[in-house]
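J.: This is the structure I want to talk about, given as structure tokens.
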Amino acid sequence: MKKFSVSGKAGEVLNWSMGLFLAFSIISLIDHWTSAPNDGQTALTELFASVQKHSAIQIAESAVLLLTKLAMLEIFRRCLSRSNHFLLQLSVIVVMLLTTLMTFVSFIPSVSVTPYGITELQTGGEQAFLTGIYGSCSVVLFFVNLFMGIGLIRKFAGMIRWYGLSLFLCPVLISLLNMCYYYIYNYVGGVTMTAIITYGTIISLLSFALNLLPFCLLRGSMVADD
């Protein structure tokens, strides 16, 4: 089997989910580049950055991205269930749970008090405990995706197989890109700051594309019935 057949309604859900996922992924990428306004930015960029710096906006972006991922994964899980692949559909459920947990952990607020007695809310990423939970979930998620990817490669063909390959190949490539940037930044002599910024931009765009690829292949692995 090269592609799963889904109902017309499920196909519409996939199309809307994929469209929103791509749109909000691009918004999040822009958010990453403009979240800290500076004097060198244009007025439009500064306006966008001033809006994006609020945690509520970032939480809304992450919530939409999470819902679109879960919608596509749930339809894929049902396809695996109809094909009687219990372990593979179970792995999809685990992926959905871990993805949800990681999203919530990223935005759990913690309270801190400034020297002036002002209480501030900070994102949970600054807390060692929550950071440890997030890191542990990331490791477990990688191995679950590895298991699911190998299973999809063995049992299917076509776009489904390519999706399975991307589940573990894309994270590995992203890690290698980050390691290359770390090596250039810390150990390569004679590299100007302008060149380092250029390399960082290129690696960010490549990582962005590699993060999108599995979900593009996931969408391509399912086709709506006529």
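J.: How high is the FRET efficiency between Asn84 and Tyr183 when r is their beta carbon distance and R₀ equals 45 Å, given to the nearest 0.05? Could you put the intermediate results ahead of the total?
T.: Working: r = 46 Å, r/R0 = 1.03.
Step by step, r from the Cβ atoms, then E = 0.45.
J.: In nm, give the distance between the simple-model label positions of Leu97 and Ala157, each being 7 Å from the Cα along the Cα-to-Cβ direction.
T.: So the label points at Leu97 and Ala157 sit 3.5 nm apart.
Values quoted throughout were computed directly from the atomic coordinates according to the rules given, and no laboratory measurement underlies them. Predicted model only: the values in this text are computed from it and were never measured. For neighbour counting, all protein chains shown are included, and Cβ atoms are generated from backbone atoms with ideal geometry for every residue, glycine included.
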